[in-house]
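Undergrad: Handing you a structure now.
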Amino acid sequence: MSLRETLLDLSRNLFSYVNQIRVDPNSSKIVGYHSGDTSRIADREIETFIIDYFNKKTDLKIKFVTEESGVIDRSNSDYIAVIDPLDGSSNFVMGIPWYSVSIALYERGSESMRKSVAGIIMNLTTGKVYSYDKRRAYMDGSPALDTPRVVLAYYDIDQVDQAKEIMEKVEKPFKVRTLGSASLDMSLVCEGRASLYFDIRSKLRNVDIAASTNFCIKMGFSIINQEGKPLDSSIENVERIKDWVITSKSLES
């Protein structure tokens with residue numbers, strides 16, 4: 001199987017597994033903290049499932065950079081997997097059907113978050129998958145037609161003026177939503193179902209958006225910062241994105 005086909009097979013197995021664990025009342029229990037965020041049993045179990053799949057069902061030698069465990073460096077690895085096992089864990093706990101798994105694969109030696117060779121973002125409530133390989137991006141279904149203009153916005157109370165400045169560039173009228181899963185939100189924009197995604201809180205990590213960044217690049221979008229420059233990050237460790245993250249064709253320039 002190709003790398004993308006391997007990820008698709010993993011996502012299908014993972015979807016079935018998550019359907020089993022989300023009915024377990026213990027899955028939402030907090031078992032630790034990392035980078036200012038909580039770690040729940042579900043996060044750990046999904047991460048373990050992903051790592052076990054790669055180690056036991058494939059011949060791929062992988063270094064893992066994952067939200068829960070940090071770096072798991074396998075000697076003589078050929079690839080780096082940047083993983084967010086459960087993007088939108090608060091939604092998972094609350095029963096809001098908007099959370100995902102996000103996996104980006106890189107060739108060992110790659111230094112840029114933007115140079116992934118394959119990846120997936122799966123909506124773990126519907127099974128919808130956004131994926132890509134070196135050549136192009138793939139998605140279930142087709143972009144919506146006559147989509148209402150929607151802005152997916154994340155900002156703190158003291159950043160209202162900055163958020164307003166960004167949103168003033170969007171054609172009106174539009175609606176504002178905060179859905180709670182960065183990788184799915186970005187993919188929604190790049191699929192053509194929303195107009196703009198931005199997060200100006202400087203709280204995202206590379207594991208949150210590595211796969212969705214590369215999916216959007218394959219779809220012809222640029223992921224940019226407040227200066228309009230391409231956003232990038234190292235993938236050697238779990239790193240915080242200390243910058244704005246903006247996804248929108250109309251704001252690239």
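Undergrad: Can you confirm whether SER89 is small (Gly, Ala, Ser) and over 21 Å from ARG205 (Cβ atoms)? Please lay out each step first, then the result.
TA: Working: small (Gly, Ala, Ser): yes; over 21 Å from ARG205 (Cβ atoms): no.
In short, no.
Undergrad: Is at least one residue of the range 136-155 modelled with pLDDT of 95 or more, under 26 Å from ILE30 (Cβ atoms) and open to solvent by less than 50 Å² (accessible area, probe 1.4 Å)?
TA: Yes, the range 136-155 has at least one match.
Undergrad: Name the single residue, out of those in the range 180-225 being surrounded by fewer than 19 Cβ atoms within 10 Å (Cβ to Cβ) and under 14 Å from the mean Cα position of the chain (by Cα), that is nearest to MET94 (Cα to Cα). Even if it seems obvious, please write down each step before you answer.
TA: Initial filter on the range 180-225 (surrounded by fewer than 19 Cβ atoms within 10 Å (Cβ to Cβ)): 192-193, 201-203, 217, 220, 225.
Next, from what is left, pick out any that are under 14 Å from the mean Cα position of the chain (by Cα): 203, 217.
Details: LYS203: 21, ILE217: 32 Å.
Taking the candidates together, the pick is LYS203.
Undergrad: Which of the residues that make up the range 69-100 are open to solvent by 10 Å² or more (accessible area, probe 1.4 Å), on the phi < 0 side of the Ramachandran plot and assigned to a strand (DSSP E or B)?
TA: Within the range 69-100, VAL71, ILE72, TYR79, ASP87 qualify.
Undergrad: Given the condition within 20 Å of THR125 (Cα to Cα), in contact (Cβ under 8 Å) with a residue 12 or more places away in the chain and buried (at least 19 other Cβ atoms within 10 Å of the Cβ), answer yes or no: does some residue in the range 58-68 qualify?
TA: Checked the range 58-68: no residue is within 20 Å of THR125 (Cα to Cα), in contact (Cβ under 8 Å) with a residue 12 or more places away in the chain and buried (at least 19 other Cβ atoms within 10 Å of the Cβ).
Undergrad: Going by what's in this entry, would SER131 be described as more than 21 Å from ASP37 (Cβ to Cβ), modelled with pLDDT of 95 or more and among the hydroxyl-bearing types (Ser, Thr, Tyr)?
TA: Working: more than 21 Å from ASP37 (Cβ to Cβ): yes; modelled with pLDDT of 95 or more: yes; among the hydroxyl-bearing types (Ser, Thr, Tyr): yes.
Criteria met by SER131.
Undergrad: So how many residues does the range 1-56 have that are open to solvent by 50 Å² or more (accessible area, probe 1.4 Å), modelled with pLDDT of 90 or more and among the polar types (S, T, N, Q)?
TA: 5
Undergrad: Just one of (1) among the aliphatic types (A, V, I, L, M); (2) crowded, with 16+ Cβ neighbours inside 10 Å; (3) over 26 Å from GLY192 (Cα atoms) trips up ILE103, so point out which.
TA: Looking at each condition in turn, ILE103 falls short on (3).
The values are calculated or read from the model by the stated rules, or taken from the named source; none is laboratory data. As the structure is a prediction and not an experimental result, all values here were calculated from the model. Every residue, glycine as well, gets a Cβ built from its backbone with ideal geometry; the counts of neighbours run over all protein chains shown. Each accessible area value is taken on the protein alone, full model and side chains, heavy atoms only, with ligands, DNA and RNA left out. Shrake-Rupley method; radii C 1.70, N 1.55, O 1.52, S 1.80 Å.
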